[in-house]
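K.L.:
What follows is a structure written as structure tokens; I'll ask about it next.
None of the figures in this text is laboratory data; all of them are computed from the coordinates on show. Because the structure is predicted, anything quoted here is derived from the model rather than measured.
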Amino acid sequence: MTTPFSRVYWEQRAEFAWTALGNPVPPQGDPPFDAFRHAYTSATWTRLFGETAAHMAGDYIESANKSNFNRGDFGLRDMHGDLLNNAAGREIGKDAPIGWTDEQLANEVFHALEDGRLITDPQNDERTSPNLFPSELNPRGWSWMEWNDVFPSPVPGNVNPTTNTTYQSAVIFT
């Protein structure tokens, strides 16, 4: 059983929204769906929890994904694409009228995909270049390697070696 605190829940919710718009079930790793999934989830979180919480959760999930850090420039650009799609989703969620349904929100995210606001090819999209990546999406100004060193995937009871503090809760997105 999935819960709203699992990654599977949000992936299934995004897939449901995707297919409700008339799209076929996406194959694993489908770039347009991946972009849609990131933006739709961030738009939904923004509406449910607010822009700051959605931003923090999205950043945390990307910083906890070890594959973003062990694939060199490929992983960095992939993460930049995800973070930019998350940011686009937050904007959509923030600007969505209060009375919008999930279907209307999904439709707006799909329009962002169609008009090129979302990134579907992070390896070749200049917006993911480390030199062009917007600094406001990295509020601490750290390199993502530094971010990963400070915030490794927390396990309750483990000590963060940088801050010498004990983690109080586990990663809720698996």
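K.L.:
Note down, for the range 1-121, the three equivalent ellipsoid semi-axes (square root of 5 times each alpha carbon gyration tensor eigenvalue), biggest first, whole angstrom.
P.N.:
21, 16, 15
K.L.:
Still on this structure: List, largest first, the extents of the alpha carbons of the range 1-44 along their principal axes, each in whole Å.
P.N.:
25, 21, 19
K.L.:
For Asp73 and Leu137 in one chain, what is 0.36 nm times their gap in residues minus the Cα-Cα distance, to one decimal in nm?
P.N.:
Contour length minus Cα-Cα distance gives 21.3 nm.
K.L.:
Note the full-extension length gain between Phe49 and Ala20 as 0.36 nm times their separation in residues minus their Cα-Cα distance, in nm to one decimal.
P.N.:
8.1 nm
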